[in-house]
1. Just flag the trypsin sites (Lys or Arg not before Pro) in region 412-496 sitting in loop per DSSP whose Cβ has no more than 16 other Cβ atoms within 10 Å.
2. Spelling out what I want: for every residue of region 115-121, take phi, set θ = phi - 60°, compute 6.51 cos²θ - 1.76 cosθ + 1.60 (Karplus), and round to whole Hz; glycine and proline get x.
3. No partner Cβ under 4.7 angstrom, meaning no disulfide-compatible partner by this rule: which Cys of the chain qualify?
4. Using Cα centres only, tell me the gap between region 171-242 and region 417-451 in whole Å.
5. Averaged over all directions, how much area does the convex hull of the C-alpha atoms of region 108-156 cover when projected, in nm²?
6. Spelling out what I want: for every residue of region 313-325, take phi, set θ = phi - 60°, compute 6.51 cos²θ - 1.76 cosθ + 1.60 (Karplus), and round to whole Hz; glycine and proline get x.
7. Scan the chain and report its longest stretch carrying no GluC sites (Glu not before Pro) that are both in a DSSP loop and have at most 15 other Cβ atoms within 10 Å.
8. Figure the gain on full extension for N392 and S178 (residue separation times 0.36 nm, minus the Cα-Cα span) and round it to one decimal in nm.
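The values are calculated or read from the model by the stated rules, or taken from the named source; none is laboratory data. Note that the structure is predicted; figures quoted are calculated from it, not measured. Reconstructed Cβ throughout: ideal geometry from the backbone, glycine too, with neighbour counts over all protein chains shown. SASA here: full protein model, heavy atoms, side chains in, ligands and nucleic acids out. Shrake-Rupley method; radii C 1.70, N 1.55, O 1.52, S 1.80 Å.
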Amino acid sequence: MEEKKTYYVTTPIYYPSGSFHIGHCYTTIIADSLARFKRLQGYDVYFQTGTDEHGQKIEIKARDAGVTPKEYVDKMVADAQDLWNQLGISYDYFIRTTDKNHEEAVQKIFKKLYDQGDIYKGEYKGLYCTPCESFWTETQLVDGKCPDCGREVKEVSEEAYFFKLSKYQDRLVEYFESHPDFIQPVSRKNEMINNFIKPGLEDLCVSRTSFKWGIPVTFDPSHVVYVWVDALSNYITSLGYASDDDSKFKKYWPADLHLVGKEIIRFHTIIWPAMLMALDLPLPKKVFGHGWLLIDGGKISKSLGNYKDPREYIKEYGVDAVRYYSLREVPFGSDGNFSVDNLVDRINSDLVNNLGNLVNRTVSMNYKYFDGIVQSGNTKEDIDNDLINSVNGLYKVVAEKMDELKVSDALAEIFDVLRKCNKYIDDTTPWVLAKDDSKKDRLGTVLYNLLESIRICGILLSAYLPETSKKILSQLNTKKNTIDDIEFGNLEVGITLSEPVHLFDRIEKNIGD
Ligand code: MSP
């Protein structure tokens, strides 16, 4: 049997230093819909997310909470996993950087790079922002403060190990030039070259002695591996790299896609590729840096606390409404604003009016006029062609958009077809046909065309709105619910639909503000 094609997609591993917000959900929901879409297409998908648990910030948080760092992260990770479950995130593997196999593999990677001369011992002097766990140079500071969070930085000097990042500068530029798809969107590639590579790459500090909560360097245990080497390695340690069983590594590496927020694209397109070059491993095929979700135009911030637990939105509006909004509202790559007002508008216009009403009206009419039995679609008229052509072309268009990572556009295509279905109802007026016995076959055909369009949209929606897709397909009671059945005309004539089920409730504007 032919082996399935593989698809390995990752989210960043999140810091479990505070509870997650809608921004974390945004990345993860997008990765989930890409994974689900590839599964639908028959790929052998490996979708990974996880948590980045070491570092001084966690050490301090745990101390403040009066617990050990491990106790602290265990609790946060359980909470994160609960959130992902509530959001229907279909990850295949959840990596924690405190996993023993990860720690051992990182130690081996560090030792290998040291033995071959890519890591060396030196002295680190720099300005450090503890909450952000970032070192900055004088020129990067804004008004003398951390450019990311605006807080005080402090001067630190300590013995440290360094990774010879500068050695890989030319190879990185060559790689970017010869692999134009590697960094996306393309504007981010130019940013990396102009802002970081052209001014010259400096060697990177990769160990610390001023805190303990990290992976010890085996040959110099007063040092712990500094977070980015620990964190970035997750993408291969989870697959068994540098372990006794590296079969998953052989199968899935290189990753097809690292999905990351724009603030960490530098780590994924400069440091991570240089580490992989040093390890003599292939580079990921693509790194996509998406924009930020803002709240009221500003950054969603754990430290500002200007956000709600995403579970409150799920409880109030339903999981698929939150997923839909996250996937649809912001063109991928740009920044976008999260507002409850827009969320409610989207629910009412797209989910209630366009999708929910269409399915409900169609199934109800098929009950009213044909006791729920699917009629043959043999009495065709010209007016059907436009709808049938759009529905038949839909999978191809959606697949193309998904390959370009334009998830919002892919969804928009599906909802355009749903809109066409609603227009088709207005144009064909089934309730008028029903009054004339001689038009019974035509009425059956109109409803067949609608049910068939809904079936095909329902299959495609499984990547984005899994619960709703299930509800739609089970109302149709069809066995033709895979991508192999995507062509128009596969809905089984003569089956009886299940009772109509309401999909979405209209939300009154004043609720949830
Ligand atoms: N631990 C590092 C990543 C290591 S990956 C090897 C980290 N963690 S984080 O928790 O601070 O952020 C992780 C990711 O969360 C961001 O890159 C981004 O994908 C996502 N987001 C965090 N806030 C966000 C928004 N406001 N909007 C969109 N995405 C956001 O960085």
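1. Answer by residue number: K435, K479.
2. Karplus-based 3J(HN,Hα) across region 115-121 equals 4, 8, x, 7, 10, 9, 8 Hz.
3. C25, C149, C205, C421, C457
4. 59 Å
5. Result: a mean projected hull area of 4.4 nm².
6. 5, 4, 4, 7, 10, x, 5, 6, 5, 5, 4, 4, 4
7. The segment 4-201 is the longest one with no such site.
8. Answer, rounded to one decimal: 73.4 nm.
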